[in-house]
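I have placed the structure first, in the form of structure tokens, so that the comments after it can refer back to it.
The values are calculated or read from the model by the stated rules, or taken from the named source; none is laboratory data. The structure presented is a predicted model; accordingly, all values stated were derived computationally and were not measured. Positions of Cβ are backbone-derived with ideal geometry, glycine not excepted, and every protein chain shown enters the neighbour counts.
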């Protein structure tokens, strides 16, 4: 990317967000969050008579002052860390394009994170959602297929929404995760059955002939995250689960139940698409005594037999 002359703030931010989306492969939601973080930081700078219009005037002390202000407002440490990550990425982008001579985020540490475990359903609750008594019409079949895929394969909701009809085949699903990294994940026997049942009724939602999305809405277009959240909330309500259930909770449940059943940590890391093992280790609040078990032996929805190689 190149500019003629010195770009203004809008051009810099648009170039940066485009870089995240196109070159880094970040999701739309992540790119939007980075943009929001930069806007908030610029607002803070203006209270100090500075602006991102002049990024070379941003110092390490100002960034630390911004983090201190977030702490004063009782912003969670995880959110503070994310905002700092946004600033780091932005200033590295500017440094790469020679718009600044020095990265002011170098040496600024992330706040020490609180130790907490991701919220997960127990096995009975997860299976109750999978068997929720909803009408077996096209939308009901779609909803159960989506729930099975999130819990049966541990997908991120963004990954599930991005799937096309040809991405599931022979007990496997091809997933494009963060950073456009592709991985192959097994699906349970029950999930295969549910997906096939949904695909037989998919045409009832009148999809556009060119629409390849696996999951579509009432207007025949690709399902979005907001719709998926409503679907999961409805399934949980029908199943009588007395808590808020969102799509990512099924991913957490997948990881927790796999580890409880004896799956080794690195196998779960591969299934989840985590780049770092430390990310997966958030789930290891249990004592892992048995290792080297994989999906077919561990997952509650698997059929109990090993796949043919």
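Tell me which residues, restricted to the stretch 66-75, are free of Cβ contacts under 8 Å to residues at least 24 places away in the same chain and either surrounded by 13 or more Cβ atoms within 10 Å (Cβ to Cβ) or within 25 Å of the chain's Cα centre (by Cα) (or both). Lay out the reasoning, then the answer.
First pass over the stretch 66-75, keeping only residues free of Cβ contacts under 8 Å to residues at least 24 places away in the same chain: 68, 70, 72-75.
Hits for the stretch 66-75 are 70, 74, 75.
Of all residues being loosely packed, with under 14 Cβ neighbours inside 10 Å and at pLDDT 90 or above in the stretch 97-123, which is farthest from residue 236 (Cα to Cα)? Just the residue, please. Working first, answer last.
Pass one, the stretch 97-123, residues loosely packed, with under 14 Cβ neighbours inside 10 Å: 98, 101-102, 106-107, 109, 112-117, 122.
Right, trim to at pLDDT 90 or above and you get 101-102, 106.
Details: 101: 53, 102: 51, 106: 45 Å.
That would be 101.
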**Request:** Residue by residue through the stretch 222-269, note down the ones that are in contact with a strand residue (DSSP E or B) (Cβ under 9 Å, 6 or more places away or on another chain), outside any helix (DSSP H, G or I) and modelled with pLDDT of 80 or more.
**Result:** 222, 223
**Residues located in the stretch 199-226, provided they are without any contact (Cβ under 8 Å) to a residue 60 or more places away in the chain, closer than 17 Å to residue 155 by Cα and in contact with a helix residue (DSSP H, G or I) (Cβ under 9 Å, 6 or more places away or on another chain)** = 213, 214
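When you check residue 39 against the structure, is it in a helix (DSSP H, G or I), out of contact with any strand residue (DSSP E or B) (no Cβ under 6 Å at 6 or more places or on another chain) and without any contact (Cβ under 8 Å) to a residue 12 or more places away in the chain, yes or no?
For residue 39, the condition - in a helix (DSSP H, G or I), out of contact with any strand residue (DSSP E or B) (no Cβ under 6 Å at 6 or more places or on another chain) and without any contact (Cβ under 8 Å) to a residue 12 or more places away in the chain - is met.
Being over 21 Å from residue 191 (Cα atoms) and buried (at least 16 other Cβ atoms within 10 Å of the Cβ) is the filter; apply it to the stretch 270-301 and report the residue that is modelled with the highest pLDDT. Steps first, please.
Pass one, the stretch 270-301, residues over 21 Å from residue 191 (Cα atoms): 274-292.
Among the residues that remain, those that are also buried (at least 16 other Cβ atoms within 10 Å of the Cβ) are: 274, 280, 283.
Values: 274: 70, 280: 61, 283: 60.
Filtering the stretch 270-301 for residues that are over 21 Å from residue 191 (Cα atoms) and buried (at least 16 other Cβ atoms within 10 Å of the Cβ), the one modelled with the highest pLDDT comes out as 274.
Residue 156: within 19 Å of residue 250 (Cα to Cα) and buried (at least 16 other Cβ atoms within 10 Å of the Cβ), yes or no? Break it down into steps so the answer makes sense when it comes.
Numbers: within 19 Å of residue 250 (Cα to Cα): yes; buried (at least 16 other Cβ atoms within 10 Å of the Cβ): yes.
Yes, satisfied.
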**Asked** Regarding residue 25, is this residue at positive phi and surrounded by 13 or more Cβ atoms within 10 Å (Cβ to Cβ)?
**Response** yes
**Of all residues in the stretch 42-55 being touching a helix residue (DSSP H, G or I) at 6+ places or on another chain (Cβ under 7 Å) and not in a helix (DSSP H, G or I), the one that is farthest from residue 17 (Cα to Cα)** = 48
**Request:** With the condition kept exactly as written, say whether any residue in the stretch 181-195 is over 24 Å from residue 126 (Cβ atoms) and in contact (Cβ under 8 Å) with a residue 60 or more places away in the chain.
**Result:** yes
